[in-house]
Each structure stands twice: as structure tokens, then as C-alpha cells.
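*Asks:* Below: one structure in C-alpha cells.
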């Protein structure tokens, strides 16, 4: 009699692999006396399947612009990951928004079983976004490559950005996110000093 061994099934999300593209663009501001090297980072395709983000969600195939209730207020959240769970929430005025309090409430929400980082985004026009990040276990921080990629991808996904490239202001810097949906996925371009850190 032959015995068969089962291969264990894991529900761990695939780890996004970032690929650096050599810097080609150098911005020079002679009035300020500096050069800024910009580079592009390939983030891969966003993970949106609820079991892989992970986010507890069963009403639709993906958790995109779905209501999360916090202290009687409804926030429409899009859950995704490029390696760690993130939620993206569009707000009217990101500068005056209480990122620390609401970020903590959403990031530790029961629907995120392992917690999540939350990106708050304001669509300033059809091409530009402004974002702030509440990082899981840390609080508000200026920037992470994954956080700005989530902001840009959510803007493109929800058609808050009408073109193919989202321009994002985050942490006092300017970034561009492009999403090749059928190919290499999301690419992030920004200051090399921030992307490499």
C-alpha cells in the first residue's frame, strides 16, 4: 500500500521583490546649488486578495473602497500590500487630518488581523496626490517606498488620478508612481537618497 504525503498549504502573502533601476535623471537647481539624483524602484504587482493582505473581508472579491467604521465615522478603505498590509483612505484635507488617532484606530482595526499601516491621501487634482503615512507599530512617519506606492496605486485604481502616472507629495518630497497592470507592475520614481534608505 502506497502512502501519500500532503504538502502543507500556506496563506502567507508572496513577498514583493523590489528591483532598483540605475538612476538616469539628475535634477539640477543652480539657484539652490544642488543636484538631486532620482531613481526608479520596481515594486511588482499590488497584492489585493483579502487572504493575502491579510484583511478580513468577504463581501466582494477585494477590499477596494470599502467602509470601515471607527468611533461612529465611516472611512472608505482600500487594502493592499507590496509585502506588508496597508490601507489607503482618501480624505478631503490631508494636512488637517488627525493621522495619528485615526491611523491607529484603522491600523489596529479588528478587520486587519495582523495590523496594517494606513496611508491618508488627498486628490489635489486629476494628476496629483498628497499623502501622509501612519506606520504600523511606529505612528506617523514621513515616507516609506511601500507607503507612497500604495498611495499612487490607490489613486490610479480608484481613478482619482486620470492619467497613467500619479504624482505624489509625501514627506516633503515629490514621487511618481506608474502602474503597468499587465506587465512589471508598479514603479516608484523619486529621490535616490530616500528610495535607497
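The values are calculated or read from the model by the stated rules, or taken from the named source; none is laboratory data. Remember, it's a predicted structure, so these values are computed and weren't measured experimentally. Cβ sites come from the backbone with ideal geometry, for glycine too, and all protein chains shown count toward neighbours.
*Asks:* Does region 157-170 contain any residue that is more than 15 Å from the chain's Cα centre (by Cα) and within 23 Å of residue 39 (Cβ to Cβ)?
*Replies:* yes
*Asks:* On the basis of being in contact (Cβ under 8 Å) with a residue 12 or more places away in the chain, surrounded by fewer than 17 Cβ atoms within 10 Å (Cβ to Cβ) and in a loop (DSSP other than H, G, I, E, B), does residue 51 make the cut?
*Replies:* Yes: the conditions hold for residue 51.
*Asks:* Tally up the residues in region 50-67 that are out of contact with any strand residue (DSSP E or B) (no Cβ under 9 Å at 6 or more places or on another chain) and under 16 Å from residue 107 (Cα atoms), please.
*Replies:* 1
*Asks:* Within the bounds of region 77-91, is there any residue that is surrounded by fewer than 12 Cβ atoms within 10 Å (Cβ to Cβ), in contact (Cβ under 8 Å) with a residue 24 or more places away in the chain and within 16 Å of residue 141 (Cα to Cα)?
*Replies:* Within region 77-91 (the criterion being surrounded by fewer than 12 Cβ atoms within 10 Å (Cβ to Cβ), in contact (Cβ under 8 Å) with a residue 24 or more places away in the chain and within 16 Å of residue 141 (Cα to Cα)), the answer is no, since none of the residues qualifies.
*Asks:* Restricting to region 83-95, give me the number of residues that are in a strand (DSSP E or B) and farther than 15 Å from residue 46 by Cα.
*Replies:* Residues in region 83-95 being in a strand (DSSP E or B) and farther than 15 Å from residue 46 by Cα: 2 in total.
*Asks:* Still on this structure: What number of residues in region 65-82 are at pLDDT 95 or above and part of a loop (DSSP other than H, G, I, E, B)?
*Replies:* Matching residues across region 65-82 total 1.
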